[in-house]
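One structure below.
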Amino acid sequence: MIGFTSFLDVLLDTIRDVTPIVCIIFGFQFAVLRRPVNNLRKVVLGFVLVILGLTFFLVGLELALFPLGETMAMQLTEPDFLESVRVSLSGVLQWFDYYWVYLFAFFIGFSTTIAEPSLIAVAIKANQVSGGSISVNGLRFAVALGVAVGIALGSYRIVVGDPFITTSLLATSL
């Protein structure tokens, strides 16, 4: 169970992470636009709620999703599991014998990105600013797909241990 000091640590980290955003917004409001903030009390309350919401979200991730994801990742890479789903006939584990790891990485990357509150907020604003030409769900799907492919490729690179562009390919292209 998370203690009060751990909660305060996450709260302070969240405040530290949100502070640059607040400074940029208020900096532009006062220095560039040179206008007072409309409904300052609502805006400040909104920032407080954002900080508390992000803190609870991060604490929830730490308590539930991270341990569960770590356990599943460990189970997917256990020798017993890999032996049971082995594709290669050579008797030696090959990169493609880890296909469950790649699928897990892809779906975790996709689902966590789709659920990302800041991406949802940016997608809604992009839709409003573009006059509806940028679809909220289209933008979220495109970003989530890119993240999912990147995480799956990163998992592949971890399994194989080689960079995507090998030195021989790089040398031949020069």
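The values are calculated or read from the model by the stated rules, or taken from the named source; none is laboratory data. Computed from a prediction, not measured in an experiment: that's the story for all the values here. Cβ placement follows ideal geometry from the backbone for every residue including glycine, while neighbour counts extend to all protein chains displayed. For accessibility, only protein heavy atoms count, side chains too; no ligands or nucleic acids. Shrake-Rupley method; radii C 1.70, N 1.55, O 1.52, S 1.80 Å.
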Of residues in the stretch 70-119 being open to solvent by 70 Å² or more (accessible area, probe 1.4 Å) and closer than 30 Å to Gly53 by Cβ, the one modelled with the highest pLDDT | Phe107
Every listed condition ((1) closer than 24 Å to Ala152 by Cα; (2) over 15 Å from the mean Cα position of the chain (by Cα)) holds for Thr112 save (2)
Considering residues of the stretch 36-79 that are small (Gly, Ala, Ser) and under 18 Å from the mean Cα position of the chain (by Cα) only, the residue farthest from Ile25 (Cα to Cα) | Ala73
Residue count, the stretch 2-34, condition of a type in the set (Val, Ile, Thr), open to solvent by 80 Å² or more (accessible area, probe 1.4 Å) and within 25 Å of Leu61 (Cβ to Cβ), comes to 2
